[in-house]
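The values are calculated or read from the model by the stated rules, or taken from the named source; none is laboratory data. Not measured: the values here are computed from a predicted model. For neighbour counting, all protein chains shown are included, and Cβ atoms are generated from backbone atoms with ideal geometry for every residue, glycine included.
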Amino acid sequence: MSQGDITRLLEAAGRGDRLAFDRLYRAVYEELRRIAQANMRREAPGHTLQPTALVNEAYLRLTPQAGGWENRRHFFGAAASAMRRILVDHARRRLSQKRGAGAERVTLDGLDVAAEEKELDVLLIDEALERLGAERPRLAELVSLRFFAGLSIEDAARALDLSPATAKRDWAFARAWLQDHIESHRGRPGAGG
């Protein structure tokens, strides 16, 4: 299916056309599954959520009424956000079941985030992204597209309508900001870690 076909399906789905939404889902399913697999590779071994389940749950959260997607960027951003929420909700449920014991862990190895400890708590990442989003929404969206949607810097730049150079500068700043935030909040009572 061509990019133009996907754009037309996005537009129709955003207007509430359920048939177009179902066709869109079938058209982008494999791409969503690759994104889910990348997200699941960052999870701790033995994680109970599988990539297929993550895609299916994200699909249920991506209703056409919640759509209004103008383009691939909006759609995949919404899909990445849905997957992030699902992983965070899953981590919170598991944490509450353990009554405060260790939370689900994710690793940022694929993103070259410098950290003494390569595993980072998904709840702490979520908290950091929320805070970054309040201060610098574009940077939070860039991180979400790179981390949760698995886009390259060039693809994320296109999705955000930025030059690759600007996206690289933003990415460097966002990584440093997140690293600082995570390190300063790691182990804090009530924080994810």
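Quick notes on this structure:
- Tally of residues being modelled with pLDDT of 85 or more and small (G, A, S) across segment 13-33: 2
Yes/no matrix, rows are residues, columns are (1) part of a loop (DSSP other than H, G, I, E, B); (2) touching an Asp or Glu at 6+ places or on another chain (Cβ under 7 Å):
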{"position": "I125", "(1), (2)": "no, no"}
{"position": "E130", "(1), (2)": "no, no"}
{"position": "L139", "(1), (2)": "no, yes"}
{"position": "R146", "(1), (2)": "no, no"}
{"position": "E154", "(1), (2)": "no, no"}
{"position": "D161", "(1), (2)": "yes, no"}
{"position": "H181", "(1), (2)": "no, no"}
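- Where a residue in segment 75-99 is on the phi < 0 side of the Ramachandran plot and of a type in the set (K, R) and its partner, wherever it lies, is surrounded by fewer than 20 Cβ atoms within 10 Å (Cβ to Cβ) and at pLDDT 80 or above, with Cβ under 9 Å and at least six apart: R84/D126; R85/R61; R85/D126
- Residue match in segment 18-29 (condition: touching a His at 6+ places or on another chain (Cβ under 9 Å) and touching a residue at least 24 places away in the same chain (Cβ under 8 Å)): no
- No other residue among G16, G4 is assigned to a loop (DSSP other than H, G, I, E, B) and small (G, A, S) apart from G16.
- In segment 131-154, the residues that are in contact (Cβ under 8 Å) with a residue 40 or more places away in the chain reach residues that are small (G, A, S) with C-beta atoms within less than 6 angstrom, at least six apart or across chains, in these pairs: L132/A140; S144/A80; L145/A156; L145/A159; F148/A80; A149/A80; G150/A38.
- Scanning segment 61-70 for residues being at pLDDT 70 or above and closer than 17 Å to R23 by Cβ gives a total of 2.
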